[in-house]
Every structure is written in C-alpha cells, then in structure tokens.
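The values are calculated or read from the model by the stated rules, or taken from the named source; none is laboratory data. On a predicted model such as this, the values are computed, not experimentally measured, just so you know. So basically every Cβ, Gly included, is an ideal-geometry build from the backbone, and we count neighbours across all protein chains shown.
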Amino acid sequence: MAETGAAPVAVVTGAGSGLGRAIAQALLGAGFRVALAGRHAAPLRDTAGTSANALVVVTDVTDEAAVTNLFGATRESWGRVDVLVNNAGTFGPVGDVDEISADEWRATVDVNLTGYFLCAAEAVRHMKAQKPMGGRIINNGSISAHVPRPGTAAYATTKHAITGLTKAISLDGRKYNIACGQIDIGNAATDMTHGFAAGARQADGTVKQEPTFDAAYAAEQVLHMAQLPLSANVQFVTLMATAMPYIGRG
C-alpha cells in the first residue's frame, strides 16, 4: 500500500453513476485519494463534489490509450496506484442468443471484459514498478457471474469471464504483492436495476417484482476489501438482496 502516513490511492472506473459513484464516494470518505474514471466529465465532477482528494479523468475503458492516460495521470498526481476498482460496465443487448447481433456482442465484451483487462493490465504495470511494490485489484462481477438472467447471453458471458480474470490476476500477482478479489452483487439499487421493483423476467417466463438493497452496502464491502493489508484478500464475496430469486428456486 501507500508509504506510511500517506493516503492510499485508488482508481475507480464507471465512477460517474450507480455503484461506481457509491464506491468512489465511500473511498473518498475514508481518506483515499481517488481517480474517477468515466466517459463524461460532468457526472464525474458530481461524484467528486468538493473533495480535494478526487481526480477527474475522462476515460473510455475500451480505448487502450485512454486507459494508459488514466493511470499516468493518477501516478503524476499522487505517485502510485494502490487500488483499482474495475467497475465500468454495460448490461448489453437483451434477447435469445440468436437475436443478439455480433456488433452488440462485441460492444458488450469490449466494455465488460476487455475494459477490465486493459485497466487491470495497466494497474499491474504500475504496481510492479512502484515502491513499495504491490497493490490490489477489485473486480465488480455480478450474480450473473454464477447464473444468468433470461435473454442476457452477452452480459452473463462477460461476467463469467471476469471470474476467470480475477483468478488469473490473483495467481499471477502473488510474486509482486498484488492481490485481486471479486465482489458479486445482486440487485443493488441503481439506475441499472431500477426496473426490478416493477418486474423482472424470470426463468419460467413470468415477470415478478424483485427486492433491491441500498448500494451503500456494496460500497462499504468494497471499502472493506480495499482497506485490508496486502497479506489478506477477500477472494470472492456475494452481496445480494436477501429475498432475490437466486438461492434455490427463487
């Protein structure tokens, strides 16, 4: 982590809204210096508020040069990168697998998987080179990393793939003091899940209301993971609305 006495440095992608905003603000509230990454400056500035410890860096995570710039700007401002929260994502197309176009598939993979890879790779480069060496990567998976919703082949596939990426980074990072873990979140109340309260399609074809929970609880879990010493790691954690249709038959 950061040198003794210095505030740790985190990068949060997708920080302009939803879980990314909640996570970034939780980190800022705990004294982290946080680089806020997203495609649009205005919502990132809203996330930052009046915090002097926030750095707004407009970033498209699918663009390798933009990701390089994000981590370069973070290092230039604060000298190191202690934590990456890979969070930027898209729900992607909805439909049976034969109804999803190749362009829609590629666009979802570009954001949800390649974006995570690009950010993780750049974070690892900096974490290897800095002194003290090391850091932590926290990947935002999903309940869909375990089981899909109907009609979400692109999203579910990318989230399953994130589990493999998390394991690979965790293994490869050991010799560099780099930890990697994953949080799988089910029905945190965000713009992406706001429709669940009205009704979500179930595996049997019915549409049912689903419970949600305050996204602040997910942010608190990420903060806990981020604050651990590098000798300890939350490898995988699932945080979900208690009564959501996941365990058993719903």
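All of (1) of a type outside the set (Ser, Thr, Tyr); (2) within 19 Å of residue 130 (Cβ to Cβ); (3) assigned to a loop (DSSP other than H, G, I, E, B) hold for residue 27 with one exception: (3).
Quick test for you: out of 143, 100, 137, 162, pick the one residue that is surrounded by 16 or more Cβ atoms within 10 Å (Cβ to Cβ) and either farther than 25 Å from residue 213 by Cα or among the basic types (Lys, Arg) (or both). Give the steps one after another, and end with the answer.
On the way: 143 fails: either farther than 25 Å from residue 213 by Cα or among the basic types (Lys, Arg) (or both); 137 fails: either farther than 25 Å from residue 213 by Cα or among the basic types (Lys, Arg) (or both); 162 fails: either farther than 25 Å from residue 213 by Cα or among the basic types (Lys, Arg) (or both).
Just a single option satisfies the conditions, and that option is 100.
Every residue in the stretch 79-90 that is in a strand (DSSP E or B) and in contact with a Lys or Arg (Cβ under 8 Å, 6 or more places away or on another chain), please. Don't jump to the end; show me each part of the working.
Kept after step one, since they are in a strand (DSSP E or B), are these residues of the stretch 79-90: 83-86.
Correct list: 83, 84.
The residue that is nearest to the chain's Cα centre (by Cα), among those in the stretch 41-78 that are surrounded by 15 or more Cβ atoms within 10 Å (Cβ to Cβ) and in a loop (DSSP other than H, G, I, E, B), is 61.
The residues on offer are 219, 226, 241, and the sole one that is small (Gly, Ala, Ser), crowded, with 18+ Cβ neighbours inside 10 Å and in contact with a Ser or Thr (Cβ under 6 Å, 6 or more places away or on another chain) is 241. Among the residues making up the stretch 144-169, those that are at pLDDT 95 or above and charged (D, E, K, R) are 159, 167.
Taking residue 223, is it modelled with pLDDT of 95 or more and assigned to a loop (DSSP other than H, G, I, E, B)? No: the conditions fail for residue 223. Being in contact (Cβ under 8 Å) with a residue 40 or more places away in the chain and in contact with a strand residue (DSSP E or B) (Cβ under 7 Å, 6 or more places away or on another chain) is the requirement here; does residue 111 meet it? When the stated conditions are applied, residue 111 does not pass them.
Only one of 155, 246, 217 is in contact (Cβ under 8 Å) with a residue 12 or more places away in the chain, of a type in the set (Ser, Thr, Tyr) and assigned to a loop (DSSP other than H, G, I, E, B). Can you tell me which? Talk me through it step by step, then tell me what you get.
Values: 155 fails: assigned to a loop (DSSP other than H, G, I, E, B); 217 fails: assigned to a loop (DSSP other than H, G, I, E, B).
Answer to the selection: 246.
Counting the residues of the stretch 69-86 that are farther than 21 Å from residue 173 by Cα and among the small types (Gly, Ala, Ser) gives 2.
The single condition from (1) under 25 Å from residue 244 (Cα atoms); (2) hydrophobic (A, V, I, L, M, F, W, C); (3) surrounded by 20 or more Cβ atoms within 10 Å (Cβ to Cβ) that residue 118 fails is (1). Remark: pairs (first residue in the stretch 17-29, at negative phi and without any contact (Cβ under 8 Å) to a residue 24 or more places away in the chain; second residue of a type in the set (Ser, Thr, Tyr) and outside any helix (DSSP H, G or I); Cβ separation under 9 Å; 6+ apart in sequence or on different chains) = 29/51. Kindly indicate whether any position in the stretch 91-104 is touching a residue at least 24 places away in the same chain (Cβ under 8 Å), in a loop (DSSP other than H, G, I, E, B), in contact with a strand residue (DSSP E or B) (Cβ under 9 Å, 6 or more places away or on another chain) and of a type in the set (Phe, Trp, Tyr). Looking through the stretch 91-104, at least one residue is touching a residue at least 24 places away in the same chain (Cβ under 8 Å), in a loop (DSSP other than H, G, I, E, B), in contact with a strand residue (DSSP E or B) (Cβ under 9 Å, 6 or more places away or on another chain) and of a type in the set (Phe, Trp, Tyr).
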